[in-house]
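Below you'll find the structure, written out as C-alpha cells, and then a few comments.
The values are calculated or read from the model by the stated rules, or taken from the named source; none is laboratory data. Just so it is clear, the model here is predicted, and its values are computed rather than measured. Counting neighbours? That spans all protein chains shown, and the Cβs are built from the backbone with ideal geometry, glycine included. Note: accessible area is taken over every heavy atom of the protein model, side chains too, but ligands, DNA and RNA are not part of it. Shrake-Rupley method; radii C 1.70, N 1.55, O 1.52, S 1.80 Å.
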Amino acid sequence: MASKFLKEFREFAVKGNVVDMAVGIIIGGAFTLIVQSLVKNVMNPILGLLIGGVDFANFFIVLKEGGTAGPYASLAAAQEAGAVTLDYGLFLNAVISFVIVAFVVFLLVRSINRMKREEAVAPKAPTDKACPHCFMTIPVKATKCGHCTADLPVSDLEPQGTAAT
C-alpha cells in the first residue's frame with residue numbers, strides 16, 4: 001500500500017508541469033525581492049522628494065498611545081513605544097509594488113505576444129483566381145479557362161475572393 005502511494009507521489013512530483021510550476025515560484029520569489037528593492041530604494045525616495053522629502057514608510061496614524069506618549073517621530077519609534085498604529089504608508093508601498101509588478105508583467109506578456117505574432121506564418125499566395133468571363137475558379141497560372149475556354153491574359157485575372165460577383 002505504501003509503495004503504491006510513494007510511486008503515485010513520485011509520478012506526480014516529476015511531471016513536467018509540477019517542475020515548471022516550482023521553477024516559476026522560485027523565480028517569482030526572486031522577482032518579488034527585486035521589485036521590493038526597486039520600490040523601497042528607488043521609487044519611494046523619488047516620490048518622497050516630489051512630495052517634500054517624506055518617506056511613505058513613516059505614514060501612520062496612532063490608534064492608541066503606547067507606554068510612552070506621542071507624538072512619534074517615526075513608525076519604528078511608535079512601535080517601540082507599544083503604540084497601536086494604522087500603517088497606511090506601508091500599504092501605499094505595497095500598492096506601488098503591485099502596480100510596478102503588474103506593469104512589468106504587462107510588458108512581459110506584451111513582448112511575448114509580439115514575438116508570437118512575428119512568428120505567425122505569413123499568408124500564402126493565392127493559388128486560385130476567378131475567370132473574368134464565367135467567374136469559375138481556375139489556377140493562378142492559367143491562360144485559358146478550363147470551364148468556358150476563354151483566352152485569359154494574365155493582367156485580366158484577379159485572385160480568388162477579389163473578383164466581382
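Observations, loosely collected:
- Helix axis angle, 88-119 relative to the chain longest principal axis, alpha carbon, degrees: 20 degrees
- Electrostatic dipole magnitude of the chain [Cβ: Lys, Arg +1; Asp, Glu -1; Cα centre; debye, to 20]: 520 debye
- Cα centroid separation, segment 91-142 to segment 1-44 (Å): 31 Å
- 0 to 90° range, to nearest 10: angle between helix 2-13 axis and the chain longest Cα axis: 70 degrees
- Distance histogram in 10 Å bins (all Cα pairs of the chain, percent per bin): 8, 16, 14, 12, 12, 12, 11, 7, 5, 2, 0
- Residues whose placed amide H lies under 5 Å from that of VAL140, excluding near-sequence neighbours: ASP128, LYS129
- Leading residue at positive end of dipole, the chain (Cβ point charges), from PRO126, LEU107, PHE31: PRO126
- The value of relative contact order for the chain, using C-alpha pairs under 8 Å at least six residues apart, is 13 percent.
- Nonpolar atom fraction for the chain, defined as the carbon and sulfur part of the 1.4 Å probe accessible area, stands at 67 percent.
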